[in-house]
Amino acid sequence: MKRAFERCLSIFVGSFFAISPALAAGVAPPPVAPASTPYQGAHSQTAAKMPLKVEWFSNPRVKSDHWLDFCAYLANNPHLIRRDYLSCFLGKDNLQNWANYGGHTSWQIDPDLAFEIDEAASHRQAVFRMRMRPSYNLKRSDVLSVWGTPHSRHFNQQAEPQDLYHLQNGCTVAVTEPHNTFAVTELEIHTSLHGNAFSGPSFAEWEMAKQVRIARARMLFRQGRVDQGMVLLDSHIAQFPDDLGAKLAKAHIMFKMHEVSQSADLYKEIRNKANMSGNYTARAEAETALASMGFPL
């Protein structure tokens, strides 16, 4: 019995060191190389599919960063590339040439940045563009940090180099960079999915989009861009008239702008609608604001 046990032990030890010489020498084995994926750099395939973050718009690192994150989010969720959904983030659109077959819509965010969408009537195909001047300061290195090395490169009709990324969900991202500038001037997302892929945003995605638009309006107000913030809030309230959170944000901004009477009227409207809908949080916030302004409840 003892000899049999010793023989088994010697076989086990010999097999262990034969299989793992690195461990026998006291050295850790080399790490296993990760599987290749079209998503590389700071945003891996998993990270790029993370939910939309309000922080991108309410406290951006640099203005170019959060819009690049937004484009990466759309590229990984192509069913969201729709005019009505994009208006949540970009405000009132400049609708052009809309017909039964689809249409072209554009948004001018500031002198350096504009967005466009060419959308098929079926919502099964669309092209989303982010256009910017070189002064916007979006660099090719920023794009590389999101999508990694491009799959191919060619030249567009203006003979400008264009990097192409072919994503696993059927989308192609095209990034245009003028010669010798290292500054990106256009980013396009081409969708090519079929079937039920473009069924539209879910309820949760709509709710998050609303939060982001309100956060953007607050950020614009903090930056002193009050008119732009009000346009964004007004377009949101026109689209979602029952969103008491957006109306509270507008009433707060109006009070800060010393429009006390208009602000009080809006707080009273919010209080009445909150009573009817059972939104006690909104009612409490409106009543607290009215009390601080000296208005009777």
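The values are calculated or read from the model by the stated rules, or taken from the named source; none is laboratory data. Please read these numbers as outputs of a predicted model, since none were measured by experiment. Reconstructed Cβ throughout: ideal geometry from the backbone, glycine too, with neighbour counts over all protein chains shown. In case anyone asks, the SASA skips ligands and DNA or RNA and just uses the protein heavy atoms, side chains included. Shrake-Rupley method; radii C 1.70, N 1.55, O 1.52, S 1.80 Å.
Working note: Karplus 6.51/-1.76/1.60 with θ = phi - 60° gives the range 75-87 the couplings 4, 8, 9, x, 5, 8, 7, 9, 4, 5, 6, 5, 5 Hz, where Gly and Pro are set to x. For the range 129-134, backbone phi angles converted through the Karplus equation (6.51, -1.76, 1.60; θ = phi - 60°) give residue-by-residue couplings of 10, 10, 10, 8, 7, x Hz, Gly and Pro being listed as x.
Would you tally the net charge around GLU160, using a Cβ to Cβ cut-off of less than 10 Å, leaving GLU160 out, and scoring K and R as +1, D and E as -1?
Values: positive: none; negative: GLU177, GLU186.
Once all neighbours under 10 Å are counted, the net charge is -2.
Under 15 Å of direct C-alpha separation, and excluding same-chain neighbours fewer than eight residues apart, LYS273 reaches these aspartates and glutamates: ASP242, ASP243, ASP265, GLU285, GLU287. When you count the other C-beta atoms within 10 angstrom of each residue and take the mean per peptide, 113-120, 261-268, 74-81 line up highest first as 74-81, 113-120, 261-268.
Using the structure shown, select from LYS139/LYS247; LYS53/LYS247; LYS210/LYS256; LYS139/LYS256 the pairs with a Cα to Cα distance greater than 26 angstrom.
On the way: LYS139/LYS247 37 Å; LYS53/LYS247 21 Å; LYS210/LYS256 22 Å; LYS139/LYS256 37 Å.
Table pairs above 26 Å Cα-Cα are LYS139/LYS247; LYS139/LYS256.
Under 5 Å between amide hydrogens, built in the peptide plane, is the criterion, and for ILE109 it picks out ALA114, PHE115 among residues at least 5 positions away or on other chains.
Net charge of the neighbourhood of ALA246, taken over other residues with C-beta under 15 Å away and scored Lys/Arg +1, Asp/Glu -1, is +2. Only Cα pairs under 8 Å and 6+ residues apart enter the sum, and on that basis the relative contact order of the range 219-297 stands at 20 percent. For the peptides 228-235, 201-208, 239-246, residues were scored by their other Cβ atoms within 10 Å and the scores averaged per peptide; the highest-first order is 228-235, 239-246, 201-208. Per residue, the range 188-297 exposes 53 Å² of accessible surface when a 1.4 Å probe is rolled over the protein heavy atoms with every protein chain present. In a fully extended conformation the segment linking SER202 and SER152 would gain 14.7 nm over its present Cα-Cα distance, using 0.36 nm per residue.
Just to confirm a number: summing +1 for Lys and Arg and -1 for Asp and Glu over residues other than ASP234 whose beta-carbon lies under 10 angstrom from that of ASP234, what do you get?
Numbers: positive: LYS92, LYS250; negative: none.
Result for the neighbourhood of ASP234: +2.
What full-extension length gain, to one decimal in nm, is calculated for LYS53 and TYR280 as 0.36 nm per residue of separation minus the Cα-Cα distance?
Using 0.36 nm per residue and subtracting the Cα-Cα distance, I get 79.1 nm.
Accessible-area rank, largest first, for HIS252, HIS258: HIS258, HIS252, with all protein chains present and a 1.4 angstrom probe.
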